[in-house]
C-alpha cells in the first residue's frame with residue numbers, strides 16, 4: 001500500500017454530550033496510518049455503524065461496556081473493511097472482513113490476525129446485506145448464511 005500523502009481520518013470523542021449531541025462533541029482528526037505488527041492486519045473501513053448505543057458510549061454513565069474515553073476514536077457496533085496489509089497467516093490483502101469493535105469511526109485500523117472474520121463476498125449479496133446482519137447478529141448470522149442455508153439474491 002502506498003501511504004504517500006495518506007492519513008488516517010478518525011472521529012474522536014472530544015466532549016461528553018449533555019443533552020443533544022453538538023458538533024463540538026466529536027472531532028475529525030488526521031493521524032498517521034498505523035503499521036501492522038507481526039500477526040496483525042491493517043484494514044480500511046468501507047462501512048461503519050451509527051447506532052443509538054453510540055450516545056450511551058459517549059456518556060460516562062454506568063453501562064454494559066466501558067464508555068469511550070475522551071480523545072479515543074468513537075466506537076462502532078460493527079464495521080466492514082478490506083485488508084490493505086496483512087502480516088497474519090491466512091489473511092490476504094483484499095479480503096473483506098468484519099471489523100468488530102476494532103474499527104470504530106475511522107478510515108484505517110489494526111486488528112489481530114486471530115480475530116479476523118472474513119466475509120464471503122462471492123455469495124452474490126451486496127456488502128450492506130452482510131453489514132446489517134453482522135451488526136445486529138454478528139457471527140451467528142454469518143454462520144447461518146454460510147453453513148446452514150443456501151443464500152439467494154431475490
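Just so you know, all these numbers are worked out from the coordinates, no wet-lab data involved. A quick note: this is a predicted structure, and the numbers were derived from the prediction, not measured. So basically every Cβ, Gly included, is an ideal-geometry build from the backbone, and we count neighbours across all protein chains shown.
One decimal place: the segment residue 64-residue 129 gains 20.7 nm when fully extended, by the rule 0.36 nm per residue minus the C-alpha distance. Taking the alpha carbon gyration tensor of segment 8-148, multiplying each eigenvalue by 5 and rooting it gives semi-axes of 27, 19, 12 Å, largest first. Once the Cα-Cα distance is subtracted from the 0.36 nm per residue extended length, the residue 117 to residue 7 segment shows a gain of 37.1 nm.
Working out 0.36 nm times the residue gap between residue 15 and residue 84, then minus their Cα-Cα distance, what length gain in nm do you get to one decimal?
Values: separation 69, 0.36 × 69 = 24.84 nm, distance 3.17 nm.
So the chain would gain 21.7 nm between residue 15 and residue 84.
Remark: spin-label model distance residue 72-residue 96 equals 2.9 nm, labels positioned 7 Å along the Cα→Cβ axis.
By average Cβ neighbour count within 10 Å, what is the ranking of 109-117, 87-95, 10-18 from highest down?
On the way: 109-117: 17.4, 87-95: 13.6, 10-18: 15.7.
So the order, starting with the most tightly packed, is 109-117, 10-18, 87-95.
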